[in-house]
Amino acid sequence: MSRPVFPFAVGDISVLARSLQAQWQPHDGAPGHVELLNMLARAAGFRNFQHFRASQLAEQRLQQPLPPPVPVDHAKISKLARYFDAERRLMRWPSKASHREPCLWVVWSQLTPRASVGEKQINAQLDAAHLFGDYALLRRELVDGGWLQRKPDGSDYRRVERQPSAEAQALLSHLRSRQMQQRHAA
């Protein structure tokens, strides 16, 4: 296994030399390997070698190219937005299976994150997220689709945290901006 290479550069070598000299003076004899790494890192403006190493690894990660954006069908997003009212409530159950998933992401986004809730609370949250009066359908679809976890006896529900698809993100963004525009217009 090869070690990662961390380039070391300082703006002014005389500042580096003075810093190393000041750090070296209190030592009896030559410092050890780790002590020397820490001295060099401090001379370059870091707290210690671990701070220097973490900074270098973060810089390397940030320099990696981002994946290309996933194309989104904006005509479909416009059609999907018609399922929702001004308050992002689902007005009717989509008949097309391809429309259900993005709509369920919107419902999922309105559930309490990182918290366990009872059946009455999840039903109330789902009731507030739609207008067609079938929270059981939504709950079942969210559990079956992996958006919601529940205990086998149905006493405890928890939203599963995961990244929405690009299509769902575009729909969520569109609905939020539409909601904000309507609030400002009122």
Worksheet item: When you scan region 142-178, how many residues do you find that are closer than 13 Å to Val106 by Cα and part of a helix (DSSP H, G or I)?
Response: 12
Worksheet item: Residues in region 19-33: is at least one acidic (Asp, Glu), exposed (fewer than 12 other Cβ atoms within 10 Å of the Cβ), within 28 Å of the chain's Cα centre (by Cα) and outside the structural domain of Glu167 (by TED's automatic domain parsing)?
Response: no
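Can you go through Arg159, Arg139 and tell me which one is at pLDDT 95 or above and under 19 Å from the mean Cα position of the chain (by Cα)? Let's see the steps before the verdict.
Details: Arg139 fails: under 19 Å from the mean Cα position of the chain (by Cα).
The conditions single out Arg159.
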Worksheet item: Restricting the first residue to region 142-153 and requiring it to be under 18 Å from Ser98 (Cα atoms), which pairs with a second residue that is in a strand (DSSP E or B) meet a Cβ separation below 6 Å and a spacing of at least six or different chains?
Response: Leu142/Leu148; Val143/Arg150
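Which one of Gln125, Gln181 is out of contact with any Cys (no Cβ under 6 Å at 6 or more places or on another chain), of a type outside the set (A, V, I, L, M, F, W, C) and under 20 Å from Arg92 (Cα atoms)?
Values: Gln181 fails: under 20 Å from Arg92 (Cα atoms).
Of Gln125, Gln181, the one residue that is out of contact with any Cys (no Cβ under 6 Å at 6 or more places or on another chain), of a type outside the set (A, V, I, L, M, F, W, C) and under 20 Å from Arg92 (Cα atoms) is Gln125.
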Discussion item. What's the total number of residues in region 103-127 that are in contact with a Phe, Trp or Tyr (Cβ under 9 Å, 6 or more places away or on another chain) and either not assigned by TED's automatic domain parsing to the domain that holds Ala170 or not in a loop (DSSP other than H, G, I, E, B) (or both)?
Written reply: 16
Item to complete: Could you check Arg53 against (1) basic (Lys, Arg); (2) under 25 Å from Tyr157 (Cα atoms); (3) under 26 Å from the mean Cα position of the chain (by Cα) and say which number it fails?
Response: (2)
Discussion item. Given the condition closer than 25 Å to Ala168 by Cβ, modelled with pLDDT of 90 or more and loosely packed, with under 10 Cβ neighbours inside 10 Å, answer yes or no: does some residue in region 61-70 qualify?
Written reply: no
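The values are calculated or read from the model by the stated rules, or taken from the named source; none is laboratory data. Predicted model only: the values in this text are computed from it and were never measured. We place every Cβ from the backbone using ideal geometry, glycine too, and count neighbours over all the protein chains shown.
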